[in-house]
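**Q** I'd like to ask some things about the structure below.
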Amino acid sequence: MLCEAIERLYVADALLPDDEHPPAAFMPSAFMPTEFRIKWVTQDWEAREAHKLRRAVFCMEQGIFVGDDRDAVDERAQLLVALTCVAGMPDQVVGTVRIHNESTAAQPDLWYGSRLAVHAAFRKHGRLGATLIRLAVTSAHALGCRTFLAHVQSQNTPLFRRLHWDTLAEETLLGRPHTLMQADLAHYPPCFDPKSGFVTQSSTRAMGVAAQ
């Protein structure tokens, strides 16, 4: 794919093993895509690249995990990705998040979002973080979600507040300050076609995030 050629322009990133990729590789602006698709993962390569991105952000960049961030939740979670598009075709995974049903008898229709990450080179392009959050909540809403929560790294709390999330509690997870937050579902109408998802355009005013 074209992304493999572009990645060689980072810092020879494409030549390193998966667990040695630099977390904040720079992509030359001349190659910066202007269109992105945010969707549920439907192909194996999308899942592989999403996990590679998570390792780069949570293991190498932030140092929260050692080696790999995957856990038992991944066995039952639905992955979402943000893809660059070249001539309208998906090319490279530059963002990801997962959603998972955590319903209990005491709290039915409870869903969580977690492992939100955006590639360092794309955090000011296309509102990728915000659009990943939007699809995460709206697709869960379409599946019957009545409560959607997330443990948000505290530095990202202002973004979630702007996106109509309410603070429930301050907490410490994995040695880092977090905020337990709840999405206001009135601002997230159900999305019944998450495999197609949303298309967003690049904007230098937009911000992507990495959140636990």
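Nothing in this text is a laboratory measurement; each read-out follows from the coordinates by a stated rule. All values derive from a computational prediction rather than experimental measurement. In this analysis, Cβ positions are derived from the backbone assuming ideal geometry, glycine residues included, and neighbour counts consider all displayed protein chains.
**Q** Over what distance in Å are the Cα centres of the range 159-200 and the range 53-114 separated?
**A** Cα centroid of the range 159-200 versus Cα centroid of the range 53-114: 13 Å apart.
**Q** Based on the mean of other beta carbon atoms within 10 Å per residue, what is the order of 140-149, 89-98, most packed first? Write out the running numbers ahead of the final one.
**A** On the way: 140-149: 18.5, 89-98: 22.2.
Ranked from most to least packed, the peptides come out as 89-98, 140-149.
**Q** Students often check this: by mean Cβ neighbours within 10 Å, which of 40-51, 60-71, 124-135 ranks highest, and how do the rest follow? Please report the intermediate quantities before stating the final value.
**A** On the way: 40-51: 16.0, 60-71: 13.7, 124-135: 23.8.
The densest-packed peptide leads the list: 124-135, 40-51, 60-71.
**Q** Gln92's amide H: which non-local residues (gap 5+, or another chain) put their own amide H closer than 5 Å, with H modeled 1.01 Å from N in plane and none for Pro or chain starts?
**A** Thr84
**Q** Starting from the Cα gyration tensor of the range 109-212, take the square roots of the eigenvalues, sort them a ≥ b ≥ c, and report rounded, prolate or oblate (rounded when a/c is under 1.5, otherwise prolate if a/b is larger than b/c, else oblate).
**A** Note, shape of the range 109-212 comes out oblate.
**Q** According to the square roots a ≥ b ≥ c of the eigenvalues of the Cα gyration tensor, what is the shape class of the range 54-140, taking rounded for a/c under 1.5, prolate for a/b larger than b/c otherwise, and oblate for the remainder? Working shown, then result.
**A** Working: a/c = 2.27, a/b = 1.35, b/c = 1.68.
It comes out oblate by the Cα gyration axes.
**Q** Pick out, from Cys85, Val73, Leu110, the residue whose Cα sits farthest towards the positive end of the charge dipole of the range 72-153, with +1 on the Cβ of Lys and Arg and -1 on the Cβ of Asp and Glu.
**A** Selected residue: Cys85.
**Q** Another question about this same structure. Can you give the relative contact order of the range 55-94 as a percent, counting alpha carbon pairs under 8 Å and 6+ residues apart? Please list the in-between numbers first.
**A** Details: 27 pairs, mean separation 9.2, N = 40.
RCO, the range 55-94: 23 percent.
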